[in-house]
Amino acid sequence: MDPTQTTLIDLRNAIASKQVSAEEATRAYLDRIDTHNDALNAFRDRMTDYALKRARAVDTGEVTGRLAGVPIAIKDCMCHTEGTTACSSKMLEHYRSPFTATAVQRLEDEGAVILGKTNMDEFAMGSSTENSAFGVSRNPWDLDRVPGGSSGGTTSAMAADLAAAALGSDTGGSIRQPAAITGLVGLKPTYGRISRWGLVAFASSLDQIGPVTHTLADAALLTQIMCGKDPLDSTSADVPVESDLHDVDGEIDLAPGGGKLRIGIASQYLDESANHPAVTAAFNEALAVYKQQGAEVVEVDLPHTEYGIPCYYIVATAEASSNLARYDGVHYGHRTGEPTPNGANAIQHLMSQSRAEGFGSEVKRRIMLGTYALSSGYYDAYYNRALKTRRLIARDFDTAFEQCDAILCPTTTGPAFKIGDKADDPLAMYMNDIYTVTTNLAGIAGVSVPGGFAEEDGKRLPVGVQLIGKAFDEKRLLRIARRYERETELWKHRPAL
Amino acid sequence: MTTAHDPGQPYGLKTTLMVGMEIHVELDTRTKMWTDAPNVAHPDYFDAGPNTLLSPVVIGMPGTLPVMNHAAVEMSILVGLALNCAIARRCKWDRKSYWYPDLPKNYQISQYDQPICGAGYLDIPVDGSTKRIRITRAHLEEDAGKLLHDLPGGGHSDGSLVDLNRAGTPLLEIVTEPDFGSADEAVVFGQMLRDLCRHLGVTQGVMQQGHMRFEPNINVLIEKDARTCKTPIVEIKNLNSFKAVHGAILHEHTRQVEKWLEDGVEMGARSKSTRGWDDAKLVTTPQREKEDEDEYRYFPDPDLCEVEVDDAMLEAIRARLVELPHARLRRYVDELKLKEADAKAIIDEPAVTAYFERVLAEGAGALPAAKLLRNNLSKLANEKGAGPDALGVSAAQLASIVGLLDAGTVGSNVVDTLLVACTTSDADPAQLAEQGGLVQVQDDSQLEAWVDEVLANPKLQKAVEDLRGGKQQAIGALMGQVMRLSKGSANPGQVTKLILAKVRQ
């Protein structure tokens, strides 16, 4: 078998049954990275020796577990004691973490082989990886296009089969949007479901780690392994992890009484003038699949959706301005080489010059926005108002989930855009998050599933459909999504490289 | 300390001091506020070398998250209860942003508008009566590290050095209303607060280590021509001795009156300024202020959950409230009839207070127990360089010695010997006295034999005659000989009686 042309679970089974050794599988992926990474720029840092050492330990039986020998890529904002954790920023270019993120550690405890760090928008701020200090990653379906962001290196690697599974992080859509436009499954779990210890913070109340995979079954397995209370993260939820969370083909628990699966649709997501025809087609196709399976379609109202983007850009930038204050060149990270003047302003000069050199322009823009929003005199007008709006958005979803089991909607308005097309227009770039941010603001779960293709310039470009579920209800959400995946099996399409 | 005269008097003005205080108390939890790295304010880590009490959380490394130290929250509530504060049933944590190299995250996790302890009060003794000092609030936060400009030990350093040992130490900030009318009142309050915190076991309270730091806010009311003016408020930063608190307030009183006479500037918006205290020159000095000093961009820390204080938690903490030191002092003097100096000495050190209470609980009388503790045991403690409670003499042993003395079984002259024996033995002092031959002989026939021998000694006839002639002090020489013969075991009271009876026959 070719270990790179399969799924996480099939590869795991092949290794377990000795059809292929962990080392062979790992080498196959490493070779593929060698062949394609120059064109894709998917990996920011490779952990080749470490990966091979881990793989051999699986083959000798030293390392076992439900992911034994499976090569996995992690996003550059996840701490690992091996290699550097740079957040694709010049600020942390040489930064080595003294500890490993809990989510990654839990994968390794089950035998996963971590291949390296994938490229991203600097500090996860962006929707295209064009904000990486290490260059843009490419979409394997069309190398002139972006793989989405901020987890674009992750989706570029996964779509090109440079890893059997990968982790992304999602603050406003950074897993689902890139997964959708590269033809992958991307899950943003409920806030608090997976520990944030070792996830370098962008916006603490929104950030969440999640899997990017070919199939829902793969995503469910990784989620089951990663989630659960972590004493190192106060915001991680002490909610029991279902023993059958990984089983996406299991029965869907439905509301007592009706017994019918209820799929919610909301007009706020279905503006045909905003959505690319392929997106509309994918949505209609998905809806048809559910109807065909006997699901009831319920119209729900999410009236505060239009405030999602402004609300998000206040909350996220406010938190980011504070979270990124620590990068000042004093204790670690980039420190300016410029001589500091003598006198009382020396330290201010060192800090501000280090930050001026270490951060890229989008990061600076968001730090300034957030600093402004938190300033005295503006706090109530911006930050406090955004918090109130956030509660209204969450209430919209609470009401909707009284009427339906999951909400079906597009993940993005269109397929991948061309590199450079939106780079000079921050507002157009921010609109990429329009169908994803409210999920983060409400702290609930959302998953993007391959939904078909758009045709642009003679290229097939993937689009996704999104299903949104209640908090801590990933098991049902993934099972509901699986009903659609099972009918379409769009994940089997892979780009020609 | 002297009562200040009114510095306005020479100018024909009547002036009144108004002082409020902010007091920072470093809590002595074993670990820091947000991580399990050791806390420099805990006695086990006082002598830790620079930057040895760190963890990725303390350094604010990427990917780290704070986890609240529950013990620090409980200690804060305990202090709040002792200060009669309203305890918040829910409160949150906020980030306070400012840039400084000793603050690794460039924000401090603190409490902005929901302090764990709300309004309360403490009554302090003033001129034989009491005065109520209102507490505004007390909130919990993390301390910052330290910035050094010389090498440890004093050598020259080309740059500044950062020591993060103190970074993340739990810090309780107690704020009072401007209720102090004099430097003396502020100092009395400060001392009472220190005693209270030490007795509650929340801080070691070593002033030189900065465990308690005082920041008085001072201004002056000046009455002139039937009008009252207020001088602008001055905050004196970081005072860590009562002498400095006293000196800074006195100096500010005079300085503000003189400055007002010079420029007439009164209190107004944004007129508050910050000064430091020069311990050598005994004056306050201006401190550099940033114009955006009050722009802290507070917002709720999204990495932390709200604190919830339920009834069970509150009651469990209330049960830890010990008798407060000022109330205890009154009880020792008024009810136990201890001398004020003895009572104060016992209360000065919380461990000794607890030891004394245990001795009383073993049934010892308060007066003899205090006497033993203050005289014999303290002397031994000085010799051994340990606290009287930590010598190995158990409370039961001390109580037993009190009993032996009371019964006349041993004499006070052997107490020191007996105490030394107790430091290395768990045995009952009665048994130790027996083994050491320290038990007083009360057998009349034996005592009589010794007395007869001494009275018959030709060399002592002069003393016998003197005593017979009414010279009382002559008995000393005779007593000494009897004690020598008995190797110290004779009961001196009985010996005295026998000698007098026989001489006067």
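Structural remarks
- Residue check for residue A:120: touching a Lys or Arg at 6+ places or on another chain (Cβ under 6 Å) and within 14 Å of chain B (Cβ to nearest Cβ): yes
- Only one entry of A:352, A:321 meets the criterion of being small (Gly, Ala, Ser), closer than 23 Å to residue A:129 by Cβ and facing chain B (nearest Cβ under 10 Å), and that entry is A:321.
- Qualifying residue in region B:401-417 (condition: part of a helix (DSSP H, G or I), out of contact with any helix residue (DSSP H, G or I) (no Cβ under 8 Å at 6 or more places or on another chain) and β-branched (Val, Ile, Thr)): yes
- Residues that are among the acidic types (Asp, Glu) and either modelled with pLDDT under 95 or in a loop (DSSP other than H, G, I, E, B) (or both), drawn from region A:118-140: A:121, A:130
- Screening residue A:303 against (1) within 12 Å of chain B (Cβ to nearest Cβ); (2) more than 30 Å from residue B:167 (Cα to Cα) leaves a single unmet condition, (1).
- Single match in B:206, B:220, B:202 (criterion: crowded, with 22+ Cβ neighbours inside 10 Å and either out of contact with any His (no Cβ under 7 Å at 6 or more places or on another chain) or within 27 Å of residue B:80 (Cα to Cα) (or both)): B:202
- With a requirement of 2 or more residues that are under 9 Å from the mean Cα position of the chain (by Cα), away from chain B (no Cβ under 14 Å) and of a type in the set (Val, Ile, Thr), the helices (runs of 4 or more DSSP H) lying completely within region A:141-226 that satisfy it span A:152-159.
- Looking at A:400, A:428, A:445, just one residue is farther than 20 Å from residue A:186 by Cα, in contact with a Leu (Cβ under 7 Å, 6 or more places away or on another chain) and away from every other protein chain (no Cβ under 14 Å), and that residue is A:400.
- Checking region A:358-370 against the condition returns a match, with at least one residue being within 13 Å of chain B (Cβ to nearest Cβ), surrounded by fewer than 14 Cβ atoms within 10 Å (Cβ to Cβ) and out of contact with any Leu (no Cβ under 8 Å at 6 or more places or on another chain).
- Only one entry of B:176, B:231 meets the criterion of being of a type in the set (Val, Ile, Thr), farther than 20 Å from residue B:120 by Cα, touching a Leu at 6+ places or on another chain (Cβ under 9 Å) and assigned by TED's automatic domain parsing to the domain that holds residue B:46, and that entry is B:231.
- Subset of region A:259-271 [without any contact (Cβ under 8 Å) to a residue 40 or more places away in the chain and either in a helix (DSSP H, G or I) or closer than 20 Å to residue A:438 by Cβ (or both)]: A:267, A:268, A:271
- Failed criterion for residue A:319 (all others in (1) more than 20 Å from residue A:397 (Cα to Cα); (2) touching a residue at least 40 places away in the same chain (Cβ under 8 Å); (3) surrounded by fewer than 18 Cβ atoms within 10 Å (Cβ to Cβ) hold): (3)
- Taking strands (runs of 3 or more DSSP E) as the structural unit, those lying wholly within region A:370-482 and holding at least 1 residues that are more than 24 Å from residue A:289 (Cβ to Cβ) correspond to A:445-456, A:459-469.
- Members of region A:129-154 found to be among the β-branched types (Val, Ile, Thr) and under 16 Å from residue A:418 (Cα atoms), listed by number: A:129, A:136, A:146
- Members of region B:59-88 found to be facing chain A (nearest Cβ under 10 Å) and touching a residue at least 60 places away in the same chain (Cβ under 8 Å), listed by number: B:59, B:65, B:66, B:68
- Failed item in (1) within 14 Å of chain A (Cβ to nearest Cβ); (2) closer than 27 Å to residue A:324 by Cβ, with residue B:91 passing the rest: (1)
- One residue stands out among those in region B:111-122 that are free of Cβ contacts under 8 Å to residues at least 60 places away in the same chain and either part of a strand (DSSP E or B) or in contact with an Asp or Glu (Cβ under 7 Å, 6 or more places away or on another chain) (or both): the one that is farthest from the other protein chains (Cβ to nearest Cβ), which is B:121.
- Restricted to strands (runs of 3 or more DSSP E) entirely inside region B:182-267, those with at least 1 residues that are hydrophobic (A, V, I, L, M, F, W, C) and at pLDDT 95 or above are B:212-224, B:234-236.
- Qualifying residue in region B:234-247 (condition: farther than 29 Å from residue B:113 by Cβ and either within 14 Å of chain A (Cβ to nearest Cβ) or of a type in the set (Val, Ile, Thr) (or both)): no
- Condition broken by residue B:418, with the remaining ones in (1) among the hydrophobic types (A, V, I, L, M, F, W, C); (2) touching a Ser or Thr at 6+ places or on another chain (Cβ under 9 Å); (3) under 18 Å from residue B:487 (Cβ atoms); (4) buried (at least 19 other Cβ atoms within 10 Å of the Cβ) satisfied: (2)
- Condition met for residue A:290 (part of a helix (DSSP H, G or I), out of contact with any strand residue (DSSP E or B) (no Cβ under 9 Å at 6 or more places or on another chain), closer than 30 Å to residue A:468 by Cα and away from chain B (no Cβ under 14 Å)): no
- The single condition from (1) of a type in the set (A, V, I, L, M, F, W, C); (2) in contact with an Asp or Glu (Cβ under 6 Å, 6 or more places away or on another chain); (3) outside any loop (DSSP other than H, G, I, E, B) that residue B:57 fails is (2).
- Within region B:291-341, the residues that satisfy the criterion of being within 14 Å of chain A (Cβ to nearest Cβ), surrounded by 15 or more Cβ atoms within 10 Å (Cβ to Cβ) and touching a Phe, Trp or Tyr at 6+ places or on another chain (Cβ under 9 Å) are B:295, B:296, B:297, B:298, B:299, B:300, B:301, B:303, B:304, B:307.
- Within region A:330-349, the set of residues being facing chain B (nearest Cβ under 9 Å), within 17 Å of residue B:105 (Cα to Cα) and not in a helix (DSSP H, G or I) comprises A:330, A:331, A:332, A:333.
Residues checked against (1) under 27 Å from residue A:333 (Cα atoms); (2) of a type outside the set (Asp, Glu); (3) surrounded by fewer than 21 Cβ atoms within 10 Å (Cβ to Cβ); (4) modelled with pLDDT under 95:
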site: B:23; (1), (2), (3), (4): no, yes, no, no
site: B:29; (1), (2), (3), (4): no, yes, no, no
site: B:40; (1), (2), (3), (4): yes, yes, no, no
site: B:47; (1), (2), (3), (4): no, no, yes, yes
site: B:51; (1), (2), (3), (4): yes, yes, yes, no
site: B:55; (1), (2), (3), (4): yes, yes, yes, no
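- Whichever residue in region B:98-107 is within 12 Å of residue B:297 (Cβ to Cβ) and surrounded by 20 or more Cβ atoms within 10 Å (Cβ to Cβ) and, among such residues, is farthest from the other protein chains (Cβ to nearest Cβ): B:107
The values are calculated or read from the model by the stated rules, or taken from the named source; none is laboratory data. Every value quoted in this text rests on a predicted model; they were computed, and no experiment measured them. A quick note on method: Cβ atoms are made from the backbone with ideal geometry, for glycine too, and the neighbour counts reach across all protein chains shown.
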